[in-house]
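All remarks here apply to the structure that follows.
All of the numbers you see were taken from the coordinates with simple rules; none came from a lab. Keep in mind the model is a prediction, meaning the values are calculated, not measured. FYI the Cβ positions are ideal-geometry reconstructions off the backbone, even for glycines, and counts take in every protein chain you see.
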Amino acid sequence: MRQLDRKLVIAGVMSLIGADVALTVRDGEAEMWMEEQRVTVSAGQSLIVPAERMHGFRNSGNVTLHIHAVLASPIFEATMEGATETVRRWEAV
């Protein structure tokens, strides 16, 4: 994820292997997608993404977007859209 300015946040499209994720908008508004489905999510709302589904989000509001992500596994891998192999792996220590 990279922040370009206070109003625009871009997250890469990714898939998490072995972990469901709950994305909750804390402040602002986000356009979120999971595969071909798109939805606008406002503060206090969440999107639940099952493991291995391509997903991402972007700031669709006029203020800084704050998102809280909860991953349902202590060990998982992430693959970015277009990657031919897993690019990151996290493990509990």
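Stretching the chain fully between Ile17 and Arg53 yields a gain of 12.1 nm (0.36 nm per residue, less the alpha carbon separation). Neighbours of Val39 by Cβ distance under 13 Å: Lys/Arg scored +1, Asp/Glu scored -1, total -2.
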